[in-house]
1. Considering region 9-20 alone, what residues qualify as being surrounded by fewer than 18 Cβ atoms within 10 Å (Cβ to Cβ) and touching a residue at least 40 places away in the same chain (Cβ under 8 Å)?
2. Just need a number here: residues in region 1-32 that are among the acidic types (Asp, Glu) and within 16 Å of Gly78 (Cβ to Cβ).
3. Looking at region 59-84 only, could you name the residues that are out of contact with any strand residue (DSSP E or B) (no Cβ under 7 Å at 6 or more places or on another chain), within 21 Å of Arg16 (Cα to Cα) and in a loop (DSSP other than H, G, I, E, B)?
4. Which numbered condition trips up His23, out of (1) closer than 17 Å to Arg66 by Cα; (2) of a type outside the set (Phe, Trp, Tyr); (3) in contact with a Leu (Cβ under 7 Å, 6 or more places away or on another chain)?
5. Just give me the residues in region 33-58 being under 21 Å from Lys19 (Cα atoms) and outside any helix (DSSP H, G or I), in sequence order.
6. Does region 28-49 contain any residue that is surrounded by fewer than 11 Cβ atoms within 10 Å (Cβ to Cβ), at pLDDT below 90 and at positive phi?
Amino acid sequence: MAALSTILEVAREIMREHKKPMHVNDIAEQAVSSARNLNMTAEAFSGKLASALSAHVKTKKPVFLRVKDPKKGTNKKGVYRLKRQIQQAITARVDVPPARQAVSWKGRRVRRNERVAFLGVQRIAHDR
């Protein structure tokens with residue numbers, strides 16, 4: 001993942017704290033109230049954040065996404081959310097023995113629970 005600009009890092013931290021989609025102006029207000037506004041006014045921070053988010057959403061692997069308006073089918077203006085990150089679970093390698101083979105009544109080898117059709121009659125081969 002490419003490194004985010006400072007203003008986008010601030011927005012990501014704020015949105016992680018609130019855990020919901022937010023408007024650019026709301027993010028700017030939170031940044032000013034928590035002194036993370038990079039020495040800008042709320043209006044200046046909001047404007048720079050809006051342009052940075054707009055450009056970032058168009059990249060190949062964005063961290064932020066626009067929020068759709070379900071009634072209109074378009075994006076809500078100035079509202080963004082964090083993209084869900086898939087956390088890779090730590091998995092231990094477990095050796096699973098191969099499935100046992102069962103022999104059908106005609107001598108044909110089939111897998112467990114595979115349906116065998118012969119003369120229009122279906123039979124299920126079971127483990128014994």
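1. Arg12, Arg16, Lys20 - these are the residues of region 9-20 that are surrounded by fewer than 18 Cβ atoms within 10 Å (Cβ to Cβ) and touching a residue at least 40 places away in the same chain (Cβ under 8 Å).
2. Within region 1-32, residues that are among the acidic types (Asp, Glu) and within 16 Å of Gly78 (Cβ to Cβ) number 2.
3. Within region 59-84, Thr59, Lys61, Pro62, Arg84 qualify.
4. Just one mismatch for His23, condition (3).
5. Ser34, Ala35, Arg36, Asn37
6. Yes, some residue in region 28-49 is surrounded by fewer than 11 Cβ atoms within 10 Å (Cβ to Cβ), at pLDDT below 90 and at positive phi.
The values are calculated or read from the model by the stated rules, or taken from the named source; none is laboratory data. None of the values given here were measured: they were computed from a predicted structure. As a convention, Cβ positions derive from the backbone with ideal geometry for all residues, glycine included, and neighbour counts pool all protein chains shown.
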